[in-house]
1. Could you go through the range 89-105 and let me know if any residue there is touching a residue at least 40 places away in the same chain (Cβ under 8 Å) and outside any loop (DSSP other than H, G, I, E, B).
2. Evaluate the following for Asp21: is it under 24 Å from Thr9 (Cβ atoms), without any contact (Cβ under 8 Å) to a residue 12 or more places away in the chain and not hydroxyl-bearing (Ser, Thr, Tyr)?
3. Let me spell it out: the conditions are (1) in contact with a helix residue (DSSP H, G or I) (Cβ under 7 Å, 6 or more places away or on another chain); (2) surrounded by fewer than 19 Cβ atoms within 10 Å (Cβ to Cβ), and Arg31 meets all of them except one. Which number is the exception?
4. Just the residues that are among the charged types (D, E, K, R) and either in contact (Cβ under 8 Å) with a residue 40 or more places away in the chain or assigned to a helix (DSSP H, G or I) (or both), please, taken from the range 45-79.
5. Could you grab me the full set of residues in the range 1-44 that are touching a Leu at 6+ places or on another chain (Cβ under 8 Å), under 15 Å from Ala102 (Cα atoms) and part of a loop (DSSP other than H, G, I, E, B)?
6. For the range 57-79, enumerate the residues that are in contact with a strand residue (DSSP E or B) (Cβ under 8 Å, 6 or more places away or on another chain), closer than 15 Å to Thr4 by Cα and surrounded by 11 or more Cβ atoms within 10 Å (Cβ to Cβ).
7. Which residues, taken from the range 86-115, are out of contact with any Leu (no Cβ under 9 Å at 6 or more places or on another chain), over 11 Å from Glu66 (Cβ atoms) and among the small types (Gly, Ala, Ser)?
Amino acid sequence: MTQTGINVTVPPSGTGCVECDATGSWWIHLRRCAECGHVGCCDDSLNKHATAHWRASGHPVMQSFEPGEEWFWNYETDEAFDGPVLAAPDCHPADQTVPGPADRVPADWRDALGQ
């Protein structure tokens, strides 16, 4: 551990939202728990699994799991910050669609999100 809520040695749990993958759902963007590596979907997504993971686990820090994004977020303090480099990989595959995965995103996905 280099900082409370961050473990730089733990790899991500996969390339997509753990819970969405298990249920066949889809997401907008992905977030990675900086403590245990759990990958969940963001609050713009239908299921908001990253926030649910924080509430269930108490792990307060996550990092964006999007290509080219390195920012961290602390749910407890409601603040973004710069953090250390976490274990690879640092994002989902670049060819993974947003929203994604492409084969699970409904044609009316914006309507499903109330947009």
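Values in this text are rule-based calculations from the coordinates and carry no lab data. What you are looking at is a predicted structure, and each value in this text was computed from that prediction instead of being measured. A quick note on method: Cβ atoms are made from the backbone with ideal geometry, for glycine too, and the neighbour counts reach across all protein chains shown.
1. For the range 89-105, residues touching a residue at least 40 places away in the same chain (Cβ under 8 Å) and outside any loop (DSSP other than H, G, I, E, B): present.
2. Yes: the conditions hold for Asp21.
3. (2) is the only condition that Arg31 fails.
4. Arg55 - this is the single residue of the range 45-79 that is among the charged types (D, E, K, R) and either in contact (Cβ under 8 Å) with a residue 40 or more places away in the chain or assigned to a helix (DSSP H, G or I) (or both).
5. Gly16, Cys17, Ser25, Trp26, Ile28
6. Passing the criteria: Ser57, His59, Pro60, Val61, Met62, Gln63, Phe72, Trp73, Asn74, Tyr75.
7. Of everything in the range 86-115, those that are out of contact with any Leu (no Cβ under 9 Å at 6 or more places or on another chain), over 11 Å from Glu66 (Cβ atoms) and among the small types (Gly, Ala, Ser) turn out to be Ala87, Ala88, Ala102, Ala107, Gly114.
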